[in-house]
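Inspection log for the structure reproduced underneath, given as structure tokens.
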Amino acid sequence: MARQTITTLNDSPALVLPQEMLAQLGVAIGDDVDVMVVEGMLVVRTPAEAERDQRVAALTQSLIERRKQVYTALAEGPAE
């Protein structure tokens, strides 16, 4: 973990990431990244990772919708 200071760049807030972090992400200066806040944490991902997460979420939702009757029956428990 590295503590960084929010700075400014052209009158906009900016966060400078150490080169080691960029290397760990597999990105370089000029690359696009996906940035979001999750439960108060800043999450930086490569576009490929973000797309993979979206595909997994879509597949999970599809499975839930296809198996809804089975999940409902399981939640209700055995018939008496």
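The values are calculated or read from the model by the stated rules, or taken from the named source; none is laboratory data. All figures in this text were calculated on a predicted structure; none of them were measured in a lab. Because the Cβ atoms are built from the backbone with ideal geometry, glycine has one as well, and the counts that use them run over all protein chains shown.
Filtered by the rule that a residue be surrounded by 11 or more Cβ atoms within 10 Å (Cβ to Cβ) and part of a strand (DSSP E or B), segment 32-46 gives 34, 35, 43, 44, 45. The set of residues in segment 53-80 that are at pLDDT 90 or above and either charged (D, E, K, R) or touching a strand residue (DSSP E or B) at 6+ places or on another chain (Cβ under 7 Å) (or both) comprises 55, 65, 66, 67, 68.
Among all residues of segment 13-22, there is none that is in contact with a Gly (Cβ under 8 Å, 6 or more places away or on another chain) and not basic (Lys, Arg). You will find that of 48, 14, the residue that is of a type in the set (A, V, I, L, M) and more than 19 Å from the chain's Cα centre (by Cα) is 14 and no other.
Tell me yes or no: at least one residue of segment 59-75 is surrounded by 10 or more Cβ atoms within 10 Å (Cβ to Cβ), within 16 Å of residue 15 (Cβ to Cβ) and not hydrophobic (A, V, I, L, M, F, W, C). There is no residue in segment 59-75 that is surrounded by 10 or more Cβ atoms within 10 Å (Cβ to Cβ), within 16 Å of residue 15 (Cβ to Cβ) and not hydrophobic (A, V, I, L, M, F, W, C).
Checking 80, 49 one by one, the residue that is exposed (fewer than 10 other Cβ atoms within 10 Å of the Cβ), at negative phi, not aliphatic (A, V, I, L, M) and not in a strand (DSSP E or B) is 80 and no other. In the condition set (1) free of Cβ contacts under 8 Å to residues at least 12 places away in the same chain; (2) surrounded by 11 or more Cβ atoms within 10 Å (Cβ to Cβ); (3) assigned to a loop (DSSP other than H, G, I, E, B), residue 17 is compliant with all but (1).
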